[in-house]
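Report on one structure; see the data block that follows.
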Amino acid sequence: MSQSSRLSPCVLIVEPSAEEREVLRTSLERRGMRIWEAAEAKAGLELARLHEPDVIVLDLETQHAEDEQVQFEYGSQAVADARPALIILGRACRTIALPKDQVIAKPYHYGPLIHKIEQLAAKAA
Amino acid sequence: MATLFVMQGRDKGKRFDVRTEALTMGRDGTNRIQLNDSEISRRHAEVLRSDNGIRLTDLNSSNGTFVNTEKIDVRLLKNGDRVQVGRTLLLFTDADDRSSVNLAHDVNIVGLGEIEGSRIVRTVGHDSGSQLFQPPDMAESPWLARARSNLQIMYRTALAVSHTLDIDQLLGRIVDLIFEWVESDRGCIMLVDHETGELTPAASRNRKGVRADDRISISRTILDYVMQHKEGVLTSDARDDERWNSEGSIVRLGVREAICVPMQGRYGIVGVIYIDTYTPPSAAIQQRTFSNSSNKFSEEHLKLMVAIGHQAALAVEDTSYYSAMLQAERLAVMGQTIATLSHHIKNILQGIRGGSYLIEEGLKGDDNDVVRRGWRIVDKNQERISNLVMDMLTFSKPREPDLCLADLNETLSDVVELMQARAGEAAVQLVFEPRRDLPQFCFDPELLHRAVLNVVTNAIDACEKRAGARVEVTTEFATGDQFVHIVVADNGEGIAPEDIPRIFSVFESRKGSRGTGLGLPVSQKIIREHGGEIRVESTLGAGSRFYLELPSQLSPPTASRDTLGPNATLGSEAFE
């Protein structure tokens, strides 16, 4: 049994902008979620392996996120047992096949993004 | 790197790199070289790098593939080859072309005595050389005089058509030169329209005294002949005219003569030059009486015009090519600028949306702390967009600094105070250690504020979150010094030696999405506009020191009546 099924939903935010991480963290914590953050894609992968989040939010502008191998690892994590669910901020990439509503173009509105994270977290739980 | 550059056609200005893999060319979206040209096939040709060089293969296209006007099935391309597919003309260039690689190895520069028996036989100075182009001496043989005259004309034509990128200016010069050398009344240049293939008038002139509204009518038969046979023609409506025998007709009609020559370029005809002259009836009869001919134009004129036409065509080709290259460069720079700025604005917009969302969240939950955090993000991004706009404005236009005597320490103190909050967030200690006895200097306080602000911002970013991070701003000046130095030092990550030459280039940022790539170029521009310089010393892993050198001897402009504002008053004696 993973940590996430025992506790409140867990979200990993992989995002280079401290401001955007702060907005997401504050908003999601207010909704009772646990948050892990990384400003760099490879560090994000380590956190993902360690904490098994329910949802990963990956910004493609994060350092190393354009690396195909890194994308592949995020993709394979997401596909394994449909958890963690992956949301990509930026544009669709060839390496990771995702439903359209899990790829969110920038600049995005936070309301729909938070709502999507809540949906995926609830589904995973 | 080998490239195909589109010189003519709807994709004019596009450049395609030819790498190792095969590239297909066609109008279909699956081609790596996709061309918007209805006259080319969906898959028209293939470009492939082979052991022998770059090979172009026609893929059984409907309208064929041409290299230097010759239809080809397969051809190894050479540097400078022109590839025509449909209405699209591409120039092939290959920087690795083997034919131009080893030339320098075959040349040795040696002392005069090292070549046995070598001696200087005769010398000719620059002046002697140019004598060749002086007007012919009337005493020398007519043949030599004519040859020298023609050589002079061609030499001057070559000079006149060089150094211009403006096709209209170029054509105007050519017509002017023709009028100078050939006694014509009217002249025009028609260029081949690349879209329609038709000849289109591009420049025309009337000799002074000839009515400007006298339209030039050119026989379609003559134009077709010149284009098809690639030959110049001389026509006269009196020569070989049976009516010539009747002086009565000359009295009525006069004589109209014309020369029409092709503009034969390296790879095809780019247009035609047409000139004509009209001899009124009375002059024609007089001329015929004395010289047994009523004609002003001779075969000699025709030959000269053919040579001028060729020279002009080469110049038109070169000008078109350079104009297309320039346009492509402009478009590329414009595209890069728009893309870079859009990216920064998009990030700022994202920040504002995030801050606004937090404010909304805080208001909904009556949580002032969240509201404050949201507002801080909005405020910061508001500042970022303001800085971006100011940097763009400062960078985009030359500006004369508004010099005035001011306190440099005060300006620097303002910058440091403004940046304290940001330094605090980044856990950086920002200190200002001014030289206390600094005299007042002449500078533009607003511009200098921006220049220093950008450097200090970079310094804070460079050492953000590092242990013991510190940015120090100091001033250095000794009486009599030509420059006052503003020094911004940080103990951040430093700059690699190979990166230092690029840090003042626009849109070169090492800060990822946080940097606009405008800060340091703007600072450099401002300091240079003051007559100073900005330089950097850096050690990777240890930090950087930026020196902003400002001339200490600048003086404010003296106020004159022109420079005073509308509400300024002058002494009463000024109006007396």
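The values are calculated or read from the model by the stated rules, or taken from the named source; none is laboratory data. Predicted, not measured: the structure shown is a model, and the values here were computed from it. Don't worry about glycine lacking a Cβ; one is built from the backbone with ideal geometry, like all the others, and counts go over all protein chains shown.
Filtered by the rule that a residue be assigned to a helix (DSSP H, G or I), within 13 Å of the chain's Cα centre (by Cα) and within 14 Å of chain B (Cβ to nearest Cβ), the range A:21-56 gives A:R21, A:L24, A:R25, A:L28, A:A41.
Please work out if B:D369 is in a helix (DSSP H, G or I) and away from chain A (no Cβ under 14 Å).
Details: in a helix (DSSP H, G or I): yes; away from chain A (no Cβ under 14 Å): no.
Answer is no for this residue.
The condition of being touching a helix residue (DSSP H, G or I) at 6+ places or on another chain (Cβ under 8 Å) and more than 11 Å from chain A (Cβ to nearest Cβ) holds for B:V316.
Looking at the range B:460-479, can you tell me whether even one residue there is in a loop (DSSP other than H, G, I, E, B) and in contact with a Ser or Thr (Cβ under 8 Å, 6 or more places away or on another chain)?
Filtering the range B:460-479 for residues in a loop (DSSP other than H, G, I, E, B) gives B:464-469, B:477-479.
Now narrow it down to the ones that are in contact with a Ser or Thr (Cβ under 8 Å, 6 or more places away or on another chain): B:477.
Checked against the condition, which is being in a loop (DSSP other than H, G, I, E, B) and in contact with a Ser or Thr (Cβ under 8 Å, 6 or more places away or on another chain), the range B:460-479 yields at least one hit.
A quick yes/no check of all residues on (1) farther than 23 Å from B:D444 by Cβ; (2) at pLDDT 90 or above:
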position: B:T516; (1), (2): no, no
position: B:R528; (1), (2): no, yes
position: B:E549; (1), (2): no, yes
position: B:D562; (1), (2): no, no
position: B:E576; (1), (2): yes, no
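Quick check on this structure: which one of B:L302, B:L341 is in a helix (DSSP H, G or I) and over 30 Å from B:V455 (Cα atoms)?
Details: B:L341 fails: over 30 Å from B:V455 (Cα atoms).
When all the criteria are applied, what remains is B:L302.
Looking across the range A:84-98, just one residue is within 14 Å of another protein chain (Cβ to nearest Cβ) and in contact (Cβ under 8 Å) with a residue 40 or more places away in the chain, and that is A:L89.
If you go through the range B:353-366 and keep only what is more than 9 Å from chain A (Cβ to nearest Cβ) and either under 16 Å from A:E20 (Cβ atoms) or hydroxyl-bearing (S, T, Y) (or both), you end up with just B:I359. Tell me yes or no: at least one residue of the range B:374-387 is out of contact with any Lys or Arg (no Cβ under 6 Å at 6 or more places or on another chain), outside any helix (DSSP H, G or I) and either more than 21 Å from B:T474 (Cβ to Cβ) or more than 14 Å from chain A (Cβ to nearest Cβ) (or both). Within the range B:374-387, not a single residue is out of contact with any Lys or Arg (no Cβ under 6 Å at 6 or more places or on another chain), outside any helix (DSSP H, G or I) and either more than 21 Å from B:T474 (Cβ to Cβ) or more than 14 Å from chain A (Cβ to nearest Cβ) (or both).
For A:I13, state whether it is within 14 Å of chain B (Cβ to nearest Cβ) and assigned to a strand (DSSP E or B). Yes, satisfied.
When the range A:99-125 is limited to residues that are out of contact with any Pro (no Cβ under 9 Å at 6 or more places or on another chain), closer than 22 Å to A:E22 by Cβ and not in a helix (DSSP H, G or I), the one that is farthest from the other protein chains (Cβ to nearest Cβ) turns out to be A:A105. Candidates in the range A:18-38 are the residues that are modelled with pLDDT of 90 or more and small (G, A, S); of these, the one that is farthest from A:G111 (Cα to Cα) is A:A38.
The single condition among (1) β-branched (V, I, T); (2) surrounded by 11 or more Cβ atoms within 10 Å (Cβ to Cβ); (3) assigned to a loop (DSSP other than H, G, I, E, B); (4) modelled with pLDDT of 65 or more that B:I174 does not meet is (3).
Can you find even one residue in the range A:59-78 that is modelled with pLDDT of 90 or more and either loosely packed, with under 15 Cβ neighbours inside 10 Å or closer than 24 Å to B:A426 by Cα (or both)? Yes, the conditions are met somewhere in the range A:59-78.
Condition test on B:A332, is it more than 25 Å from B:L393 (Cα to Cα) and more than 14 Å from every other protein chain (Cβ to nearest Cβ)?
Working: more than 25 Å from B:L393 (Cα to Cα): no; more than 14 Å from every other protein chain (Cβ to nearest Cβ): yes.
No; evaluated as a whole, the condition is false for this residue.
Which is touching a residue at least 40 places away in the same chain (Cβ under 8 Å), within 15 Å of B:T3 (Cα to Cα) and surrounded by 14 or more Cβ atoms within 10 Å (Cβ to Cβ), of B:R55, B:R32, B:R49? If you could, list the steps in order and put the result at the bottom.
On the way: B:R55 fails: touching a residue at least 40 places away in the same chain (Cβ under 8 Å); B:R32 fails: touching a residue at least 40 places away in the same chain (Cβ under 8 Å).
Just one listed residue meets the conditions, B:R49.
Please verify whether B:L349 is facing another protein chain (nearest Cβ under 10 Å), among the aliphatic types (A, V, I, L, M) and either surrounded by 19 or more Cβ atoms within 10 Å (Cβ to Cβ) or touching a Lys or Arg at 6+ places or on another chain (Cβ under 7 Å) (or both), treating the condition exactly as stated. Spelling it out, it is not the case that B:L349 is facing another protein chain (nearest Cβ under 10 Å), among the aliphatic types (A, V, I, L, M) and either surrounded by 19 or more Cβ atoms within 10 Å (Cβ to Cβ) or touching a Lys or Arg at 6+ places or on another chain (Cβ under 7 Å) (or both). The sole residue among B:I526, B:I534, B:I495, B:I486 that is part of a helix (DSSP H, G or I) and crowded, with 18+ Cβ neighbours inside 10 Å is B:I526.
Looking at B:T411, B:T457 in this structure, which one is within 14 Å of B:I527 (Cβ to Cβ), in contact (Cβ under 8 Å) with a residue 40 or more places away in the chain and either of a type in the set (S, T, Y) or assigned to a loop (DSSP other than H, G, I, E, B) (or both)? The unique qualifying residue is B:T411.
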